[in-house]
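Peer 1: Questions regarding the structure given below will be posed in turn.
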Amino acid sequence: MDTERGKIAVGWLIVEDLAMVLALVLFPAVASFQGGDGAALVSDPLATRFGLGLTGVLVLTLIKIALFIALMLVVGRRLIPWVLHYIAHTGSRELFRLTVLAIALCIAFGATKLFGVSLALGAFFAGMMLRESPLSQRAAQETLPLRDAFAVLFFVSVGMLFDPLSVVREPWPFVATLFVIVVGKSLAALLIVVLFRHPMATALMISASLAQIGEFSFILAELGVALNLLPKAGRDLILAGAIFSIMLNPLVFAVVDWLTSRLEKPETASPTAATSEAIPVTELQDHTILVGYGRVGSIVGDALHRRNAPFLAVEASDDMVAKLKKRGIEALMGNAVRASVLRATNPAGARSLVIAIPEAFEAGQIVEQARAANPAIQIIARAHSDAEVDHLTGLGADIVIMGEREIARGMIEELDRAQPTSAMQNTTAAREDSAA
Ligand code: AMP
């Protein structure tokens, strides 16, 4: 989640889910024009009465959805938090739990019956409305066991729909489906990411993240079968494709890791590849390299800037780099893990390296490269757990500051300030704690 490629992959998956919402909405409308049993199932009384064409039905569907969303935004956003608040003040836990469940189910069914929205989509909006309440955290907690039970029921029933023998009986359609999911979908993603001028390693990692399909595909396949648009065999293929593509995903990641390492090696070894994306090396000497200019790095950087200390910032966000340059701070745009970026900071001539990024795995790779380039450089890194402290120290960091420990220390100091009499004991205890 902290890396650029992670953000792209997660963003992409969210957009896929949103596109699926649109598909769930428009599918029934389109289906009514495909004939078959599905038509009777979905044909809209309004559409039949006015003899609407395909465009008319699509527009009608979109109007209904817009009405539903408007109603939810206007009424749901006010009414639901108010009801939850009122029920919470009765003090009855059972009533609160029942209310949350009743609201969710009512919105889901109401959406289906009144607006022709699918049950899954209605439930999705019910969740969004419940989130609006300040009591949403409690509502989520109260329904957690139910959520787990429903999730298990969902996946168990999906598993029971799957006939493993179908794969053996007809292997070729299955292989073709798997090929579309694992190779076709990934190849399309790879091309799009490369077109947006991201590095090949990022493109490969994102393709690997997309080389599988998940639960939304089951819902869409189910809808397809219900509307008579998809034969049952098609649903079996989608199920088999989903199950096997998820099982194959770790393998795909392993292949991508291997490919990435082969792709990145020539970059460090061959001078031609290095010059093709060579970044001019800084002229600074005996300077500090600051990796990451976020919540942590900006405080360090601002302090260095005030002291007029020679330093150079490396940031993955181009907005931040532009801001720094405007302030007259030397900044380099890019991922410091990449050899070409780190090389441009002149680690061999630097005095210290401050790694202020939250991702310890990436920080470890930076530590390793910097230590190899300059055995004498002082490396200070950031961590969030004892395991990360050990990892970074093991790779050659001199000092690793663990955020959580510093928060605790700050809290103890505040306590000491408020209760000066017991300050001595507390400070001793704090020291012992951090030593432990
Ligand atoms: P924060 O967690 O708020 O201190 O933010 C961390 C900052 O580090 C963000 O501004 C990220 O853009 C930046 N960052 C994270 N990973 C890297 C990396 N590998 N190279 C350069 N900058 C990074």
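The values are calculated or read from the model by the stated rules, or taken from the named source; none is laboratory data. Note that the coordinates shown come from a computational prediction; the quantities given were computed from them, not determined experimentally. For neighbour counting, all protein chains shown are included, and Cβ atoms are generated from backbone atoms with ideal geometry for every residue, glycine included. Side chains included, ligands, DNA and RNA excluded: accessible areas come from the protein's heavy atoms. Shrake-Rupley method; radii C 1.70, N 1.55, O 1.52, S 1.80 Å.
Peer 1: Report, by residue number, each residue of region 390-399 that is in a loop (DSSP other than H, G, I, E, B), touching a residue at least 24 places away in the same chain (Cβ under 8 Å) and open to solvent by 70 Å² or more (accessible area, probe 1.4 Å). Write out each step before concluding.
Peer 2: Quick first cut of region 390-399, residues in a loop (DSSP other than H, G, I, E, B) only: 396-398.
Still in the list and also touching a residue at least 24 places away in the same chain (Cβ under 8 Å): 396-397.
Listed by number, the list is empty, since nothing qualifies.
Peer 1: Criterion first (under 30 Å from Ser317 (Cβ atoms) and at pLDDT below 85) does Gly214 satisfy it? Even if it seems obvious, please write down each step before you answer.
Peer 2: Numbers: under 30 Å from Ser317 (Cβ atoms): yes; at pLDDT below 85: yes.
Yes.
Peer 1: Quick one: in region 285-310, of everything that is in contact (Cβ under 8 Å) with a residue 60 or more places away in the chain and in a helix (DSSP H, G or I), which residue is farthest from the ligand (Cβ to nearest atom)? Before the answer, list the steps.
Peer 2: Within region 285-310, the subset in contact (Cβ under 8 Å) with a residue 60 or more places away in the chain is 285-294, 296-297.
Checking which are in a helix (DSSP H, G or I) leaves us with 296-297.
Values: Val296: 4, Gly297: 6 Å.
Out of the qualifying residues, it is Gly297.
Peer 1: Does Ala313 satisfy the criteria of being of a type in the set (Gly, Ala, Ser) and either part of a strand (DSSP E or B) or without any contact (Cβ under 8 Å) to a residue 40 or more places away in the chain (or both)? Step through it out loud before you land on a result.
Peer 2: Values: of a type in the set (Gly, Ala, Ser): yes; either part of a strand (DSSP E or B) or without any contact (Cβ under 8 Å) to a residue 40 or more places away in the chain (or both): yes.
Spelling it out, Ala313 is indeed of a type in the set (Gly, Ala, Ser) and either part of a strand (DSSP E or B) or without any contact (Cβ under 8 Å) to a residue 40 or more places away in the chain (or both).
Peer 1: From the list Ala387, Ala376, Ala363, which residue is surrounded by fewer than 19 Cβ atoms within 10 Å (Cβ to Cβ) and assigned to a helix (DSSP H, G or I)?
Peer 2: On the way: Ala376 fails: assigned to a helix (DSSP H, G or I); Ala363 fails: surrounded by fewer than 19 Cβ atoms within 10 Å (Cβ to Cβ).
Answer to the check: Ala387.
Peer 1: Residue under question is Arg351, and the condition is that it be of a type in the set (D, E, K, R), closer than 16 Å to Phe311 by Cβ and in the same structural domain as Arg295 (by TED's automatic domain parsing); does it hold? It would help to see each step written out before you state the result.
Peer 2: Working: of a type in the set (D, E, K, R): yes; closer than 16 Å to Phe311 by Cβ: yes; in the same structural domain as Arg295 (by TED's automatic domain parsing): yes.
Yes.
Peer 1: Now for a different question. Can you tell me which residues in region 243-260 are surrounded by 18 or more Cβ atoms within 10 Å (Cβ to Cβ) and free of Cβ contacts under 8 Å to residues at least 40 places away in the same chain?
Peer 2: The answer is none; no residue qualifies.
Peer 1: Here are some conditions: (1) open to solvent by 20 Å² or more (accessible area, probe 1.4 Å); (2) in contact with a Phe, Trp or Tyr (Cβ under 7 Å, 6 or more places away or on another chain). Ala240 meets all but one. Which one does it not meet?
Peer 2: (1)
Peer 1: When you look at Ala360, is it out of contact with any Ser or Thr (no Cβ under 7 Å at 6 or more places or on another chain) and either in contact (Cβ under 8 Å) with a residue 60 or more places away in the chain or under 22 Å from Ala316 (Cα atoms) (or both), yes or no?
Peer 2: Numbers: out of contact with any Ser or Thr (no Cβ under 7 Å at 6 or more places or on another chain): yes; either in contact (Cβ under 8 Å) with a residue 60 or more places away in the chain or under 22 Å from Ala316 (Cα atoms) (or both): yes.
So Ala360 passes the test.
Peer 1: Please go through region 329-348 and give me each residue that is near the ligand (Cβ under 9 Å from one of its atoms), closer than 20 Å to Phe361 by Cβ and in contact with a strand residue (DSSP E or B) (Cβ under 7 Å, 6 or more places away or on another chain), ordered by number.
Peer 2: Gly334, Ala336, Val341
Peer 1: Please go through region 368-399 and pick out each residue that is over 26 Å from Ala344 (Cβ atoms) and of a type in the set (Val, Ile, Thr).
Peer 2: The initial filter retains those residues of region 368-399 that are over 26 Å from Ala344 (Cβ atoms), namely 384-390, 393-394.
Selection gives Val389, Thr393.
Peer 1: Follow-up. Just name the residue that is surrounded by the most Cβ atoms within 10 Å (Cβ to Cβ) out of those in region 295-309 that are farther than 24 Å from Gln365 by Cα and of a type outside the set (S, T, N, Q). Don't jump to the end; show me each part of the working.
Peer 2: Step one: list which residues in region 295-309 are farther than 24 Å from Gln365 by Cα, which gives 302-309.
Those left that are additionally of a type outside the set (S, T, N, Q): 302-307, 309.
On the way: Asp302: 13, Ala303: 11, Leu304: 19, His305: 16, Arg306: 8, Arg307: 9, Ala309: 14.
Once the filter is applied, the top-ranked residue is Leu304.
Peer 1: What's the total number of residues in region 349-360 that are away from the ligand (no atom under 13 Å from the Cβ) and open to solvent by less than 30 Å² (accessible area, probe 1.4 Å)? Break it down stepwise before answering.
Peer 2: Step one: filter region 349-360 for residues away from the ligand (no atom under 13 Å from the Cβ), giving 349-352.
Cutting the leftovers down to open to solvent by less than 30 Å² (accessible area, probe 1.4 Å) gives us 349-350, 352.
Adding up the residues that qualify gives 3.
Peer 1: Give region 318-328 a look and list any residue that's within 11 Å of the ligand (Cβ to nearest atom), in contact (Cβ under 8 Å) with a residue 12 or more places away in the chain and open to solvent by 20 Å² or more (accessible area, probe 1.4 Å), or say none.
Peer 2: Within region 318-328, Asp318, Met320 qualify.
Peer 1: Please give the helices (runs of 4 or more DSSP H) falling wholly within region 149-205 in which 3 or more residues are touching a Phe, Trp or Tyr at 6+ places or on another chain (Cβ under 8 Å), under 26 Å from Leu223 (Cβ atoms) and open to solvent by 50 Å² or more (accessible area, probe 1.4 Å). Can you show your working first?
Peer 2: Numbers: elements: 165-169, 171-179, 185-195.
Helices (runs of 4 or more DSSP H) meeting the threshold: none at all.
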